[in-house]
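First up is the structure itself, then whatever we jot down about it.
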Amino acid sequence: MDLQEYRTGNREAEARHPWELARLEVITALMRQHLMGPSSRGYAFLDIGAGDLFLGRELCGRFPVARYIAVDTAFDEDASETEALTAGDARIRTFRSWQETMRSVDSSFDMVLLLDVLEHIEDEAAFLKSLRESSSVTGETLFLITAPAFQSLYSSHDLFLGHYRRYNNRILKELVCRAGLSAIDAGYFFFTLLPPRALRVLCEKAGLPRRRQFRGVSGWRPHILRDFLLKEVLSLDFAASSLARKLGINPIGLSNYLICKKAA
């Protein structure tokens, strides 16, 4: 969750949006699929645009020896908020800028996480190139990128979230190539979210009024059975898409993912 949404929204753990919970499973599966076995020092993850650290706390539970470096311009200088976000986990370090991180961290990263971040950056190619040239990014460092799919679905939802654009796999591959990175794997996930989003965009373009104002994931109101079913549907969606890719089929979805590393 975005930190500004976290500060103004519903903070109850059970209010986590099913999309967030299902995306966590997608991210974890992709990380386990592509990461090599950890060295004695454990994995080192860099998460840019880390938000309220829900993902970081979960990943530290799933990768127990991991070190997690979180960067977000919205992190508050107030130590009490940072301590609350990290839940007192010493493996999680927070920084307010990429430059501050590089001054304080002298080790390399196993994976850089850019999860629904690039669409918020005006010149994302230059940003990726600056990451690639960092001394903490080696030839073995992997980048895991997720982004909203298909520019044709750009809507007021994206404007609310501060998106410059949406992507497809081809555009993401071209983007990382311009930044000196080489794509290893790419695909889509959450096909089941495409029809309702397409319908919403069509209604918006037709000038039909919306039933309610979009509030983001922080405005989600929990319902145990509904949330469980939605999360399970999205998890099965990703599992089915993964199986289809193994069979040579690349199904589309509302989100892209791409794994890349420094080009040789």
Ordered by number, the GluC sites (Glu not before Pro) in region 128-209 that occupy a DSSP loop and have at most 16 other Cβ atoms within 10 Å are 133, 140
The chain: longest segment with zero exposed chymotrypsin sites (Phe, Trp or Tyr not before Pro), where exposed means DSSP loop plus at most 14 other C-beta atoms within 10 Å, is residues 1-163
antiparallel share of DSSP beta bridges within region 3-262, to nearest 5, in %, is 45
Of all stretches in the chain that avoid trypsin sites (Lys or Arg not before Pro) placed in a DSSP loop and having at most 16 other Cβ atoms within 10 Å, the longest is 97-164
Stretched fully, the stretch from residue 74 through residue 33 gains (0.36 nm per residue minus C-alpha distance, one decimal, in nm) 11.7 nm
Any DSSP H helix in the chain with Cα axial reach of 15 Å or more and mean Kyte-Doolittle score of at least 0.5? Listed by number, the hits are 224-246
Under a Gaussian network model of the chain whose springs join Cα atoms within less than 10 Å, the largest fluctuation of 106, 76, 158 belongs to 106
Compactness check, the chain: C-alpha Rg relative to the 2.2 N^0.38 Å globular estimate gives 0.99
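Values quoted throughout were computed directly from the atomic coordinates according to the rules given, and no laboratory measurement underlies them. Every value quoted in this text rests on a predicted model; they were computed, and no experiment measured them. Please note: Cβ atoms are built from the backbone with ideal geometry, for glycine as well, and neighbour counts cover all protein chains shown.
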